[in-house]
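> Here it is, the structure, as structure tokens.
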Amino acid sequence: MIRSLAYLGVTTPAIEEWRSFGPEVLGLDMADGPDGGLRFKMDEAQWRLALHPGERDGVDYVGWSVVGEAEAREIAKKVAAAGIEVHDGDAGLCAERATTGLLWFEDPFGIRHELSWGRLIVQSSFRPGRAMSGFKTGEQGMGHVVFMVPDIKKADEFYSEVMGFKLSDLIIQGPLNARFYHINGRHHSLAVAEAPGVVGFQHLMLEVNSLDDVGMALDECERRGVPITMTLGRHVNDLMTSFYLESPSAFHIEYGYGGLQVDDLWEPKTFDRMSIWGHHRHQAPDAGPGLILKAEPPAGA
Ligand SMILES: [Fe+2]
């Protein structure tokens, strides 16, 4: 089984913007990458977020951690049985990801997933980019990712039955049809929202260790004019107190505190709204929906 969200790799033409945005707004610990990009640390892992230089914004890979190769091969068997080719990461790729080994494949929507084990740990070396108490990671991993998918039933079949994610909740509100999945104590490490005709990366959630960390990020966004795509609010399902901002690479970032923990006895629920309070969209009416990775060709084309 997959244990946690380990890392995320993004290509972007906005490396220079990230040099100040990453450490000063988000509080990430920044290092230069060998490819002219950036590597951001959040904890003891060598890095969690990689920014690769490129001409267009894109999400290149989502890294998940497994305990070891045997566990990765078990999942790979199910992926292969679903008709998807699984590749072994060679030594160069493993070195690049700072991991002992990995297998990778593309899901039915073209999103690349990597199953990695034995990531390089640099104990006690995290230094936040600005004053803050730090990020909640550990067994709950880096945070969560939310994708827009054209077919939520197909997504549910793949992510739950093939990759082994467990359903936490559904939110169905007007046109919003979203599913949230857990793999550890974090309420969700993956969520998908149906968006006809597109595959996209809506947001990355980073959880911090205090509400003050959230408030200080909010102040920093307001001071710099970073678009706040949803105001401070509290989600009805994972009880996260958070706000959303637009990153320099089109996808959004949810920056939150106090997420709910789940366990094996968790029973999935259905909600008819996203938030108990807040999370209004009025502050950045021009913000995009997130990072569109692929628009489907029109029917019949
Ligand atoms: Fe979220």
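> Could you list, in sequence order, the residues of the range 99-126 that are modelled with pLDDT under 95 and assigned to a loop (DSSP other than H, G, I, E, B)?
Initial filter on the range 99-126 (modelled with pLDDT under 95): 118-126.
If the condition is that a residue be modelled with pLDDT under 95 and assigned to a loop (DSSP other than H, G, I, E, B), then Leu120, Val122, Gln123, Ser124, Ser125, Phe126 are the ones that fit.
> Tally the residues that are small (Gly, Ala, Ser), open to solvent by 60 Å² or more (accessible area, probe 1.4 Å) and touching a strand residue (DSSP E or B) at 6+ places or on another chain (Cβ under 9 Å), restricting the search to the range 122-146. First the steps, then the outcome.
Filtering the range 122-146 down to residues small (Gly, Ala, Ser) leaves 124-125, 129, 131, 133-134, 138, 141, 143.
Within this subset, residues satisfying the condition of being open to solvent by 60 Å² or more (accessible area, probe 1.4 Å) are 124, 131, 133.
Pick out the ones that are also touching a strand residue (DSSP E or B) at 6+ places or on another chain (Cβ under 9 Å) and you get 133.
The qualifying residues number 1.
> How do the strands (runs of 3 or more DSSP E) wholly within the range 242-300 filter down when requiring 2 or more residues that are within 16 Å of the ligand (Cβ to nearest atom): which remain?
Values: elements: 252-257, 269-271, 275-278, 291-295.
By residue number, 252-257, 275-278.
> Now for a different question. Is there any pair linking a residue in the range 138-152 that is over 14 Å from Pro289 (Cα atoms) to one that is assigned to a loop (DSSP other than H, G, I, E, B) and within 13 Å of the ligand (Cβ to nearest atom), with Cβ under 7 Å and at least six apart or on different chains, and which?
Going by the 7 Å Cβ cut-off, the qualifying pairs are Gly141/Ser189; His144/His188; His144/Ser189.
> Just the residues that are under 17 Å from the mean Cα position of the chain (by Cα) and among the acidic types (Asp, Glu), please, taken from the range 213-261.
Scanning the range 213-261 gives Asp238, Glu246, Glu254.
> Those residues that are part of a strand (DSSP E or B), under 21 Å from Glu157 (Cβ atoms) and out of contact with any Ser or Thr (no Cβ under 8 Å at 6 or more places or on another chain), I need them from the range 60-98; list them, please. Before you say what the answer is, go through the steps one by one.
Narrowing the range 60-98 to residues part of a strand (DSSP E or B): 60-65, 87-88.
Next, from what is left, pick out any that are under 21 Å from Glu157 (Cβ atoms): 62, 64.
Answer for the range 60-98, where residues must be part of a strand (DSSP E or B), under 21 Å from Glu157 (Cβ atoms) and out of contact with any Ser or Thr (no Cβ under 8 Å at 6 or more places or on another chain): just Val62.
> Another question, if that's okay. Is it true that Glu55 is assigned to a helix (DSSP H, G or I) and open to solvent by 10 Å² or more (accessible area, probe 1.4 Å)?
Criteria not met by Glu55.
> Among what's in the range 138-154 and is within 17 Å of the chain's Cα centre (by Cα) and more than 16 Å from the ligand (Cβ to nearest atom), pick the residue that is farthest from Gln261 (Cα to Cα). Full working, then the answer.
Taking the range 138-154 first, the residues within 17 Å of the chain's Cα centre (by Cα) are 138-149.
From what's left, more than 16 Å from the ligand (Cβ to nearest atom): 138-139.
Working: Gly138: 13, Glu139: 11 Å.
Ranking the candidates gives Gly138 first.
> For the range 1-33, which positions are in a loop (DSSP other than H, G, I, E, B) and free of Cβ contacts under 8 Å to residues at least 40 places away in the same chain? Step through it out loud before you land on a result.
Quick first cut of the range 1-33, residues in a loop (DSSP other than H, G, I, E, B) only: 1-3, 13-14, 27-28, 33.
Hit for the range 1-33 is Gly33, nothing else.
> Could you say whether any residue in the range 183-202 is under 24 Å from Met42 (Cβ atoms), within 12 Å of the ligand (Cβ to nearest atom), touching a residue at least 60 places away in the same chain (Cβ under 8 Å) and open to solvent by 20 Å² or more (accessible area, probe 1.4 Å)?
Among the residues of the range 183-202, at least one is under 24 Å from Met42 (Cβ atoms), within 12 Å of the ligand (Cβ to nearest atom), touching a residue at least 60 places away in the same chain (Cβ under 8 Å) and open to solvent by 20 Å² or more (accessible area, probe 1.4 Å), which makes the answer yes.
> For the range 164-189, name all the residues that are hydrophobic (A, V, I, L, M, F, W, C), out of contact with any Asp or Glu (no Cβ under 6 Å at 6 or more places or on another chain) and not in a loop (DSSP other than H, G, I, E, B).
Of everything in the range 164-189, those that are hydrophobic (A, V, I, L, M, F, W, C), out of contact with any Asp or Glu (no Cβ under 6 Å at 6 or more places or on another chain) and not in a loop (DSSP other than H, G, I, E, B) turn out to be Leu167, Leu170, Ile171, Ile172, Leu176, Ala178.
> Restricting to the range 164-180, what's the tally of residues that are closer than 23 Å to Ala82 by Cα and more than 12 Å from the ligand (Cβ to nearest atom)?
Counting residues in the range 164-180 that are closer than 23 Å to Ala82 by Cα and more than 12 Å from the ligand (Cβ to nearest atom) gives 5.
> I would also like to ask the following. Checking the conditions here, which among Arg223, Arg234 is away from the ligand (no atom under 14 Å from the Cβ) and at pLDDT 95 or above?
Values: Arg234 fails: away from the ligand (no atom under 14 Å from the Cβ).
Unique residue meeting the criteria: Arg223.
> A follow-up question, please. If the Cβ limit is 8 Å and pairs must be 6+ apart or interchain, which residue in the range 282-301 that is under 22 Å from Gly58 (Cα atoms) pairs with which residue that is modelled with pLDDT under 80 and assigned to a loop (DSSP other than H, G, I, E, B)?
The qualifying pairs do not exist here.
> Moving on. Specify which of the listed residues (Leu232, Leu239, Leu218) is of a type outside the set (D, E, K, R) and in a loop (DSSP other than H, G, I, E, B). Walk me through how you get there before you give the answer.
Working: Leu232 fails: in a loop (DSSP other than H, G, I, E, B); Leu218 fails: in a loop (DSSP other than H, G, I, E, B).
Among Leu232, Leu239, Leu218, only Leu239 is of a type outside the set (D, E, K, R) and in a loop (DSSP other than H, G, I, E, B).
> Out of everything in the range 203-215 that is more than 12 Å from the ligand (Cβ to nearest atom) and crowded, with 17+ Cβ neighbours inside 10 Å, what residue ends up being nearest to Glu267 (Cα to Cα)? Before you say what the answer is, go through the steps one by one.
Pass one, the range 203-215, residues more than 12 Å from the ligand (Cβ to nearest atom): 208-215.
Pick out the ones that are also crowded, with 17+ Cβ neighbours inside 10 Å and you get 208, 213-214.
Details: Val208: 26, Asp213: 31, Val214: 29 Å.
Of everything passing the filter in the range 203-215, Val208 is nearest to Glu267 (Cα to Cα).
> Taking Val149 as the residue in question, decide whether it is touching a strand residue (DSSP E or B) at 6+ places or on another chain (Cβ under 9 Å) and surrounded by 15 or more Cβ atoms within 10 Å (Cβ to Cβ). Let's see the steps before the verdict.
Numbers: touching a strand residue (DSSP E or B) at 6+ places or on another chain (Cβ under 9 Å): yes; surrounded by 15 or more Cβ atoms within 10 Å (Cβ to Cβ): yes.
Criteria met by Val149.
> Val86 versus (1) touching a Phe, Trp or Tyr at 6+ places or on another chain (Cβ under 6 Å); (2) of a type outside the set (Phe, Trp, Tyr); (3) touching a residue at least 24 places away in the same chain (Cβ under 8 Å): which is the lone unmet condition?
Here Val86 meets the rest and fails (3).
The values are calculated or read from the model by the stated rules, or taken from the named source; none is laboratory data. It should be emphasised that the depicted structure is a prediction, and the values quoted were computed from it without experimental measurement. Please note: Cβ atoms are built from the backbone with ideal geometry, for glycine as well, and neighbour counts cover all protein chains shown. Calculation scope for accessible area: heavy atoms of the full protein, side chains included, ligands and nucleic acids excluded. Shrake-Rupley method; radii C 1.70, N 1.55, O 1.52, S 1.80 Å.
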